[in-house]
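A.B. asks: Structure below; questions to follow.
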Amino acid sequence: MTYAPLIVQSDWSILADTHAPDYEQVRPLLAQFAELERSPEHIHFYRLTPLSLWNAAAAGLRLEAILDILSRYSRFTLPANLVTDIADYIGRYGLLKLVTHEGRLLLQSTDQRLLQRVCADKRCQPLLLDQTANGVRVQPGARGELKQALTELGYPPADTAGYVDGAALAVTLRTPSMTGIAWQLRSYQTEAVDAFYEHGNEAGGSGVIVLPCGAGKTVIGLGIIAAAQTNTLILCPNTVAVRQWISEILDKTTLTAHEVGEYSSDRKEIKPITVATYQILTYRPFAVDTATGEVGLFPHMRLFGERDWGLLIYDEVHLLPAPVFRATADLQARRRLGLTATLIREDGRERDVFALIGPKKYDLPWHDLEHDGYIAAAECIEVRVPMDADRRMEAALAETNQEAYRIAAENPAKLQVLHALVQAHSGDHVLVIGQYLKQLEAVAKRLDAPLITGKTANAERERLYAEFRSGALRVLVVSKVANFAIDLPDADVAIQVSGTFGSRQEEAQRLGRILRPKADGRGARFYTLVTSESRDQDFAAKRQLFLAEQGYHYTIVDAQTILRSER
């Protein structure tokens, strides 16, 4: 008996039956306009949100296509009120438009009542000037703040006011690369460049590209730099990532070392292409001056005005710090590219990414890339580890959920299971990743392996990463510093011993560490050690939502299964 996989409900929730014959077909379609909330074994729970619908609309998905997907795969007739709600919210995107007319920034709409409502809104009112025959004039410099306010109001504008070109910079992609490797943009990378840049017209130039680690987001950035032909500021999560960007730029473009600079805690170079860290931009010599009582400024934020940038690239845009959001609000006339493996932010500021960086411009299901061999196939395994009675009582008496989680996450019984897994993968490149320093020190000692944390000097980090890449080092223990933008192409096993509570964002990044395709075509394994019947298990279930979103199935095994195999 054939039955449809979806149950679409009037409260904007969608239940997806994972056993239905068409579930695998509808899952990537649903992900275009709905968000996964929970993923038990049999029924996955999705929810429509205004932001998910606006991102879909910005990406060109039409109302008719959304309703067709829901109708075609729904077990029951769609609720009439939901159809009306979807049409309303899809129709809101772009009902307001930001345009440039005779050198002035204007807010326009065919709906005059909506314009009047906006002009009367307490947050929007200070950002607007007088109304003209062509629209409402916007305060100079208020383009970003107005977009935030309108998005909060529920009417995100289509920004077609255009961009300044920035200082010109001649750049061409080099093939073969400087190191002699033949390469070219893959078809989906070219599609991503075109979707963002749109031939340089006012419809292109701001937005986010969402692709997994290993899919070549850096190379897409190079393609966009080559298309824009302009001075570019690139922001990264750490110094290692900065140097990886610089290495790729010098290897795969015609730019020279005289044109590419590093702006970090180690160096302060400002060149036509400048690559900086978020940390240096948000550095303050003091929070509050005890003598004057004044709040300290961010001295390195002046980097945004040091050159006539035509393009800003935000690597790992989901990590964008609040002060950089504020600076970005003033830079709406510059083209802005966000790169990330997941749009999820732990601080809930996805709307600010949408308003200030731009909507999602391009993404691909991870399994599509895996099928085509662009990323490694991955097997995800959760290992349930018991906890002794004394520690279980300690967790039960903890005053907060966070404390109860830490007690369970640092369960010493995980060490024996971890040792068994590392022994079982003695021929592989194994990353052991965790959250807590004390736990990681115990892990490194048990495995006789080096440990990289936030306190490890950049030179030492780069030395250890290089040894891991070369094969001289087979096991590396890393803290959260290795979550982002670390290029370790031969890593094929990751073992997660603890994480940041229920962070789906972190799950995506950690899985991404092992997804770069291997020269011999082998797959990857992603283990998570979880203390059974604890807050550790509860938070693991939340993190694994990301795996379900991308279509990964994870196997749950008992610790004894791993320990028996060692014997």
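The values are calculated or read from the model by the stated rules, or taken from the named source; none is laboratory data. From a predicted model like this one, the values you see are computed outputs, not experimental measurements. When we count neighbours, we look across all protein chains shown, and the Cβ atoms used for this are built from the backbone with ideal geometry, even at glycine. The protein model used for the area step is the full one, side chains on, heavy atoms only, and it has no ligands, DNA or RNA in it. Shrake-Rupley method; radii C 1.70, N 1.55, O 1.52, S 1.80 Å.
A.B. asks: Order the following by accessible area, largest value first: Glu399, Glu198. Probe radius 1.4 Å; ligands, DNA and RNA are ignored.
C.D. replies: The ranking, largest first, comes out as Glu399, Glu198.
A.B. asks: Which whole-number percentage describes the relative contact order of the range 188-232, with Cα contacts under 8 Å and a sequence gap of 6 or more?
C.D. replies: 43 percent.
A.B. asks: Per residue Cα convex hull volume for the range 400-450, in cubic angstrom?
C.D. replies: Value for the range 400-450: 76 Å³ per residue.
A.B. asks: Here is a follow-up. Given a cut-off of 24 Å, name the pairs among Lys438/Lys480; Lys414/Lys445; Lys217/Lys480; Lys271/Lys518 whose C-alpha atoms lie farther apart than that in the structure shown.
C.D. replies: Lys271/Lys518
A.B. asks: Now a separate question. Measuring with a 1.4 Å probe in the full set of protein chains, what accessible area per residue, in whole Å², belongs to the chain?
C.D. replies: 43 Å²
A.B. asks: Next up: For the full complex of protein chains and a 1.4 angstrom probe, list His42, His425 by accessible area with the highest value first.
C.D. replies: Of His42, His425, the descending order of accessible area is His42, His425.
A.B. asks: When only the heavy atoms of the protein chains count and the probe is 1.4 Å, how do Cys119, Cys213 rank by accessible area, highest first?
C.D. replies: Sorted by accessible area, descending: Cys119, Cys213.
A.B. asks: Now for a separate question. Sequence gap at least 6, Cα distance under 8 Å: using those rules, report the relative contact order of the range 149-302 to the nearest whole percent.
C.D. replies: After rounding, I find 21 percent.
A.B. asks: Shifting gears a bit: Could you give me the ³J(HN,Hα) list for the range 112-122, computed from phi with Karplus coefficients 6.51, -1.76, 1.60 and θ = phi - 60°, whole Hz, x at Gly and Pro?
C.D. replies: Each residue's phi maps through the Karplus curve to give 5, 5, 5, 4, 5, 5, 5, 5, 8, 5, 4 Hz.
A.B. asks: With just the Cα atoms of the range 123-213, tell me how far they stretch along each of the three principal axes, in Å, largest first.
C.D. replies: Sorted largest first, the three principal extents are 59, 31, 20 Å.
A.B. asks: Let me ask something else. Using protein chains only and a probe of 1.4 angstrom, how many square angstrom of Arg117 are accessible, to the nearest 10?
C.D. replies: Approximately 120 Å² of Arg117 is accessible to the 1.4 Å probe.
A.B. asks: What percent of all Cα-Cα pairs in the range 1-154 falls in each 5 Å bin, counting up from 0?
C.D. replies: Pair shares across the bins are 2, 9, 17, 17, 13, 11, 9, 8, 7, 5, 2, 1, 0.
A.B. asks: Among all the lysines, which ones have a C-alpha under 17 Å from Lys97's C-alpha, if same-chain residues fewer than 8 places away are not counted?
C.D. replies: Candidates past the 8-residue exclusion: Lys147.
A.B. asks: Ranked highest first by the average count of other Cβ atoms within 10 Å around their residues, in what order do 139-147, 270-278 fall?
C.D. replies: 270-278, 139-147
A.B. asks: Right, next: Once you treat every alpha carbon in the chain as an equal point and sum by Debye, what is log10 I(q)/I(0) at q = 0.10 Å⁻¹?
C.D. replies: With no solvent term, the Cα-only Debye profile gives -0.93.
A.B. asks: If I stretch the segment between His19 and Arg62 completely, what's the gain in nm (0.36 nm per residue apart, minus their alpha carbon distance), one decimal?
C.D. replies: Once the chain is fully extended between His19 and Arg62, it gains 12.6 nm.
A.B. asks: Straight-line reach only, C-alpha to C-alpha below 15 angstrom: list the aspartates and glutamates that Lys268 could link to, leaving out same-chain residues fewer than 8 apart.
C.D. replies: Those aspartates and glutamates meeting the cut-off are Glu259, Glu306.
A.B. asks: Moving on to the next point. Relative contact order of the chain, please, whole-number percent, based on alpha carbon pairs below 8 angstrom and at least 6 residues apart.
C.D. replies: The normalised contact order for the chain reaches 13 percent.
A.B. asks: By per-residue mean of other Cβ atoms within 10 Å, what is the highest-first order of 334-342, 2-10?
C.D. replies: With the highest mean Cβ count within 10 Å placed first, the list reads 334-342, 2-10.
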